[in-house]
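Colleague: Below is a structure I'd like to ask you about.
Please treat every number below as a calculation from the coordinates, not as lab data. Note that this is a predicted model, so its numbers are computed, not measured. Cβ coordinates were reconstructed from backbone atoms using ideal geometry, including for glycine residues, and neighbour counts include every protein chain displayed.
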Amino acid sequence: MRRWDNRPIYEQIMDEYRAQIVSGAIKPEEKLPSVRELSVALAINLNTIQRAYRELEAGGYIYSIPGKGSFAAGRENVDAGRRGKLTEKLLEAVGELKFLGVSEDEIIQIIKGGKQP
């Protein structure tokens, strides 16, 4: 987590775990630290960690088994709503790029290669 980030801490924790799960740094079915362990390790309130885990579970990134802990979910379990939100952001960005004079070919190149023109 970045120190200069002004977002709520639970969102920063969520984003970090989401990025690690999506990138494969945390493998599907891998056990996550318990809420208590993470709270102690990060010196963050237990309720903050619980909220982050709850939101991650609601989004399909993790799942919990009572008495066993929380685990990373496979990509196929990620909430379709998250995909919808990301698609909406992408369409918004594409619209703005077009407004700024970026051609469709350049936009396609950016999307395909992740490179700027």
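Colleague: Taking H as built 1.01 Å from N, whose amide H comes closer than 5 Å to the amide H of I62, not counting residues under 5 places away?
Modeller: Here E57, A73 satisfy the definition.
Colleague: With respect to the cross-link table entries K31/K89; K27/K112; K85/K112; K27/K85, which display a Cα-Cα separation exceeding 27 Å?
Modeller: Details: K31/K89 31 Å; K27/K112 25 Å; K85/K112 20 Å; K27/K85 24 Å.
Pairs exceeding the cut-off: K31/K89.
Colleague: Would you compute, from DSSP H runs of 4+ residues alone, the mean residue ellipticity of the chain at 222 nm, taking -39500 (n - 2.57) per run and dividing by the full residue count, rounded to the nearest 500? Before the final figure, lay out each step's value.
Modeller: Working: 5 runs with 66 residues, N = 117.
So the calculated ellipticity at 222 nm is -18000 deg cm²/dmol.
Colleague: Which of the peptides 56-62, 6-12 is most tightly packed, and how do the rest follow, going by the mean number of other Cβ atoms within 10 Å of each residue?
Modeller: Values: 56-62: 19.4, 6-12: 13.7.
So the order, starting with the most tightly packed, is 56-62, 6-12.
Colleague: Shifting gears a bit: Please label the shape of the range 1-74 as rounded, prolate or oblate, based on the square roots a ≥ b ≥ c of the eigenvalues of the alpha-carbon gyration tensor (a/c under 1.5 means rounded; beyond that, a/b larger than b/c means prolate, else oblate).
Modeller: Here the range 1-74 falls in the oblate category.
Colleague: If you don't mind, another one. Would you list, by chain and number, the aspartates and glutamates whose Cα falls below 20 Å from the Cα of K98, excluding same-chain residues fewer than 8 positions away?
Modeller: E88, E106
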